Amino acid sequence: MQGSAGPVDLSAAARRAAELRQILDQASHEYYVLDAPTLSDAEYDALLRELRTLEAEHPELATPDSPTRRVGAEPSSQFAKVRHLEPMLSLDNAFDVDELRAWEDRNARISSEVRTAGYVAELKIDGAAVALRYENGVLVRAATRGNGVVGEDITRNIRTIGEIPSRLRPDAPIPDLLEIRGEVYMPFSGFAELNERRVAAGEPTFANPRNAAAGALRQLDPRITAERPLRFFGYAVQTDPTRPARLPAQTQDDVLALLAAWGIPVNPRFFIAHDLEAVAAYTTEVERFRGELDYAIDGVVVKVRPLHLWPELGIVGGRDPRWAIAYKFAPDLATTRLLSIEINVGRTGALNPYAVLEPVEIGGATVRLATLHNFDDIARKDLRIGDTVLVKRAGEVIPQVVAPLTEQRTGAERPFPVPEVCPVCGTPVERPADEVMMYCPNGSCPSRIYWGIVHFASRGAMDIRGLGERTIQQLLERGLVRDVADLYQLRVDDLLGLDGFAELSAKNLVDAIAASTAQPLSRLLFALGIRHVGAHAAKILAERFERMDALLAASEADFAAVHGIGATTAAALAAYLGEPRNRELIARLAAAGLTLVEPVQRAESRPLDGLTFVVTGTLPTLSRKEATDFIERHGGRVTGSVTRQTDYLVVGESPGSKLDKARELGIPVLDEAGLFALAQTRAATDT
C-alpha cells in the first residue's frame with residue numbers, strides 16, 4: 001500500500017502547486033501592476049508559504065518562474081523599462097518572536113557573529129517601493145520595483161514629490177552612480193483630504209493610502225501625480241556593481257545617517273537593538289504607537305546591523321536576503337454590527353455577497369463594507385443579520401467578517417436566506433457541482449453587462465482611458481450601448497449629452513476607444529470576461545493560437561492540451577466560444593477593427609531543439625522569464641529541477657543548491673553569455 005501512495009500524493013501536490021502559482025501570479029499582477037489587490041498581505045503570505053513548503057518537499061515541482069523565486073510582477077508595457085543596478089529583493093516574513101528566533105538560528109549556522117552583531121529595526125511602510133538613480137549627485141531616473149530586476153520608468157512622476165531632492169546634498173561623500181531605494185507613501189491626513197476632494201467632484205474615492213500612492217506613481221500625466229499628497233522615506237543605497245564605490249558606512253544605521261546627510265527623508269523611528277530580545281520589545285512598542293502615526297505600516301523590518309555580514313549571509317532563492325526579515329503585525333480587528341447582507345452580480349454572473357456594517361474605525365480607516373466570500377462562508381460562520389461581528393482589516397481593499405459574537409445575540413438576529421433567483425434580473429441561479437459560487441446564467445442581466453463593460457475598459461484589459469463607471473452607467477441608462485461592441489460605434493455627439501462631457505472630453509474618449517482597437521489578442525481575450533480566463537491564461541492561449549479565428553475553430557481538448565491551461569479553464573473557454581451570441585459579439589468587434597491577433601516573436605531557427613535547460617540565480621541582463629522565453633523561442637525546454645535528463649544549467653548570481661546538483665551529476669554549466677554563444681554556435685552549425 002505504501003508503494004502506491006507516493007505517486008498519488010505527488011500528483012495532488014503538483015495540482016496544488018500549479019493552483020497556488022496561478023493564484024499568486026494573479027495576486028502579484030493585481031498588487032504591483034493594477035494597484036488593485038484582492039488578496040490581503042496575510043493571505044498572500046500564507047499561500048506563498050504553502051507553495052514554498054510544497055517545493056521544498058518535492059523539488060521536482062519547482063518551476064523557473066515560481067512566485068517563490070521572484071519579486072513583484074512584470075513591468076507594464078505603458079512605461080519604459082528600467083534595469084536596476086542590482087535586483088530589488090523581497091523579504092521573508094516572521095509573524096511571532098519564535099519565528100524571529102528561528103531566523104537568527106539559521107543565520108548563526110552561517111556566521112556565529114550574528115548573535116552578538118546587533119540589529120537595526122525600521123518601520124515597514126505600507127507604500128510603493130521605488131529606486132532613485134543619481135549620477136554625480138543628480139537625480140536622473142526613478143523606477144518602480146517591477147519584477148525586481150526590471151521596473152517602470154516613473155521619473156517624471158517622482159520629480160513631482162517635493163521632498164525627493166533633484167540633487168543630493170554634498171554633506172557626505174557621494175559615489176558617481178548610485179540607487180537609493182525607498183518607499184513612496186501617502187499620509188492618512190492627505191489621503192482623507194484627497195478623498196474629500198474626489199467626493200466633492202463626484203469621483204469615486206480610493207480604498208486605502210497604499211493603492212492611492214501606487215496608482216499616483218503610474219499615471220501617464222505627471223500633473224495628476226502632482227495633485228496627490230505623496231511622501232517618501234529612503235532606507236537603502238546600492239552602488240554600481242561594475243564600479244564598486246566604498247560607502248562611508250559600516251552599519252545599516254550608518255546608511256540611514258548617510259541618506260539623511262544627502263537630504264533624503266529617513267523615518268526617524270528606527271531602533272538599534274543589541275540582541276533579538278530588544279527587537280521583540282521594540283515590535284511590542286511599535287504596535288502600541290502605530291495608531292498615532294500619520295502613515296500606514298504593516299510591521300517592522302529587522303536587519304543585521306553590520307554591513308560586512310550581508311554578503312556572507314547571502315540571498316535565498318534569488319529573492320530573500322538572509323540578513324533582513326519582515327516582522328508582520330497581526331491583522332487589525334474590531335467589532336461592529338452587521339446591518340444587512342447585499343449581493344453584487346459580477347461580469348461572469350457570480351453572485352458575490354457582502355456585508356453592510358455599522359461604520360467602525362479600523363487601522364486609521366472607516367470601514368462600512370466587508371467581504372463574505374460566498375454563501376457557504378455565511379452558513380459556515382452562521383452569520384445573521386443584526387449580529388455583532390468581528391471584522392479584520394490588514395490592508396485589504398474590502399475587509400473581512402471573521403465571525404459573529406454569538407454570546408451577544410439577543411434573539412432578534414435573522415438568518416440570511418440563500419437566493420434562488422438573481423437579485424437583479426430574477427433569473428433562477430445556477431451552482432456548478434464543483435464550485436462554491438452561484439451564478440446568474442442570464443447574459444443579458446443588467447448587472448453582468450455593466451460590470452462586463454467596466455472590466456472590458458479597465459487598465460489590465462483594453463485600457464480605455466476616461467471610460468469610468470459613472471460614464472458606463474450613463475451610456476447604459478440612455479441606451480447608447482448594450483454591450484462592449486457598441487462602444488466602438490460611439491461618436492462625439494452621442495457623448496455631449498452626458499454629465500461631465502464637453503467637446504474636448506467627448507473627443508478624447510472617442511479617441512481612447514479607437515486606440516484600444518490596437519490591443520493584442522491576449523488583452524481582448526482577458527477583457528471579454530470569460531469565467532476562469534484571467535490575464536495569465538489569456539496570454540498563454542493567445543501566444544499558442546495567435547489568432548481569434550484559430551481559437552474559434554479549436555475544441556475543448558485543444559485548449560486543455562495547452563501547457564498551463566487546466567481542464568476547468570478549457571471547459572469554460574469552449575463553452576463561451578461555443579455560444580452563438582458570443583461568437584456574434586466577437587464578429588462585431590472584428591468588424592469594428594479590433595486586432596484579434598497576438599504578435600509573437602519567432603526565432604529564425606531552433607538551434608536549441610531537443611535540449612533541456614534549468615535556469616538558476618540572477619542573470620546579468622535577463623530576468624528568469626526572459627531567459628526562459630529565449631530558450632523556448634529557440635527550441636529548448638526549461639524545467640524547474642536538475643536531473644540526469646538536464647542538458648545544461650544556466651547560472652547567474654546566487655545559484656543555490658542546483659549548481660551543486662549539476663556538478664554532482666556532471667551536467668555542463670553555462671552563464672548568460674555561454675547560453676547566447678551556445679545558441680549562436682548551434683545555429684551556425686545548422687546552417
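Remarks
- Put in order of Cβ neighbour count within 10 Å, fewest first, the listed residues 391, 345 become 391, 345.
- Distance from the stretch 205-258 to the stretch 572-597 (C-alpha centre basis), Å: 44
- This model, with +1 at the C-beta of Lys and Arg and -1 at the C-beta of Asp and Glu, gives the chain a dipole about its Cα centre of some 820 debye.
- If you plug the beta carbon distance of residue 547 and residue 379 into 1/(1 + (r/R0)^6) with R0 = 41 Å, you get a FRET efficiency near 0.35.
- The base-10 log of I(q)/I(0) for the stretch 612-686, evaluated at q = 0.13, 0.16, 0.20 Å⁻¹, reads -0.33, -0.51, -0.80 [Debye formula, identical scatterers on Cα atoms, solvent excluded].
- The count of lysine pairs in the chain with alpha-carbon distances below 27 Å, taking only pairs 8 or more places apart or on different chains, stands at 13.
- Shape of the chain, Cα gyration tensor, a/c cut at 1.5: rounded
- Relative contact order (%) - criterion: Cα under 8 Å, at least six apart; region: the stretch 257-360: 16
- The chain - mean residue ellipticity at 222 nm from DSSP helices (-39,500 (n - 2.57) per run, n ≥ 4, rounded to 500): -11000 deg cm²/dmol
- Cβ-based exposure ranking for 116, 646, 427, 335, in which fewest neighbours within 10 Å come first: 116, 335, 427, 646
- Note on the stretch 332-415: Rg/Rh from Cα positions, Kirkwood definition for Rh, rounded to two decimals, is 0.96.
- Fewest-first sequence of 103, 310, 262 by Cβ atoms within 10 Å of each Cβ: 310, 103, 262
- For the stretch 148-270, the Kirkwood estimate of the hydrodynamic radius, built from every pair of different alpha carbons, is 16.1 Å.
- Ranked by how many other beta carbons lie within 10 Å on average, peptides 81-91, 583-593 from highest: 81-91, 583-593
- Calculation over all alpha carbon pairs of the stretch 446-591 in 5 angstrom steps from 0 returns a P(r) of 2, 10, 19, 22, 18, 13, 8, 5, 3, 1, 0 percent.
- The stretch 377-443 and the stretch 298-336 have Cα centres spaced 37 Å apart.
- The stretch 95-150 versus the stretch 162-187: alpha-carbon centroid distance in Å: 17
Since every read-out is calculated from the coordinates, none of them should be taken as a lab result. Source: prediction; values computed, not measured. Glycine gets a Cβ as well: all are built from the backbone with ideal geometry, and neighbour counts include every protein chain shown.
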